[in-house]
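The values are calculated or read from the model by the stated rules, or taken from the named source; none is laboratory data. What you see is a predicted model, and the numbers here were worked out from it, not measured in a lab. Every residue, glycine among them, receives a Cβ derived from its backbone with ideal geometry; neighbour counts consider all protein chains shown. Just so you know, the surface numbers come from the protein's heavy atoms only, side chains and all, with ligands and any DNA or RNA stripped out. Shrake-Rupley method; radii C 1.70, N 1.55, O 1.52, S 1.80 Å.
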Amino acid sequence: MSLPWFPPPPAPEAEPVLDRAVPGALVRAGAAVLVTTMLLVAWSATWPVGAVTVLVMALAGVLAGLLPSPARVGVALLAAGVLVLVGGPASVVRTLALVLLVHLVVWACSTAARVTWRMRVELGVLRDGLADVARVQVGAQALAVVALVVGGRDLAAGDVVRVVAILAAAAVVAVVLPRSGD
């Protein structure tokens with residue numbers, strides 16, 4: 001109980017001790033790189049990649065990654081989808097890479113949106129998020145292959161090997177990166 005003429009003592013300040021952490025600016029920069037990569041992979045499905053293309057996609061990536069908002073990320077995802085839709089059928093490997101990149105972009109940008117520039121993020125938080133993305137990838141990659149086959153794509157022997165390798169890698173990552181609560 002405090003009396004009006006005796007102010008309560010100030011609350012003690014506490015600084016959390018982070019085991020291993022990365023700067024928030026690095027998390028946001030990583031999101032920008034992922035958005036740029038996704039857009040470039042979507043563009044390169046049909047058209048050649050030149051210096052102007054890289055510059056435009058990098059600017060879009062910087063805008064969506066460094067200043068994350070659901071609208072900017074949604075526009076970047078929509079742009080990637082339109083590029084693939086307009087550009088014609090992408091290769092199997094490119095399609096599977098885009099499925100992975102879309103999930104990574106959504107995760108990275110949602111993480112970056114909650115991180116300030118000066119904040120530090122513990123690596124365990126990022127590892128747990130990547131483990132969740134890897135768990136989703138096992139099913140998403142399998143569904144992408146089913147969609148390609150149903151859509152009439154012939155999977156060559158090399159494509160089957162790549163698909164199996166991607167699914168195996170996603171499964172290994174999902175097992176190796178357990179959740180911190182597990």
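Odds and ends about this structure:
- For residue 154, the accessible area of its heavy atoms, probed at 1.4 Å with every protein chain present, is near 130 square angstrom.
- A Förster radius of 45 Å, combined with the Cβ-Cβ distance separating residue 165 from residue 71, puts the computed FRET efficiency at roughly 0.80.
- Nonpolar atom fraction for the range 89-182, defined as the carbon and sulfur part of the 1.4 Å probe accessible area, stands at 70 percent.
- Across the protein chains, with a 1.4 Å probe defining accessible surface, the residues 20, 162 rank 20, 162 from largest area downward.
- In this view, the solvent-accessible surface of residue 44, computed with a 1.4 Å probe and all protein chains in place, comes to about 40 Å².
- Formal net charge of residues neighbouring residue 27 (Cβ-Cβ distance under 10 Å; K, R +1; D, E -1): +3
- Solvent exposure of the chain, expressed per residue, is 60 Å² of accessible area, with all protein chains present and a 1.4 angstrom probe.
- Taking label positions 7 Å along the Cα-Cβ direction at both residue 118 and residue 13, the computed distance is 1.1 nm, reported to one decimal.
- Once semi-axes √(5λ) of the Cα gyration tensor in Å is calculated for the structure shown, the corresponding label among [x] 36, 26, 13; [y] 40, 21, 13; [z] 27, 21, 17 turns out to be [y].
- Residue-count net charge about residue 115 - beta-carbon cut-off 13 Å; Lys, Arg +1, Asp, Glu -1: +3
- Net charge of neighbours whose Cβ lies under 13 Å from the Cβ of residue 69, counting Lys and Arg as +1 and Asp and Glu as -1: +3
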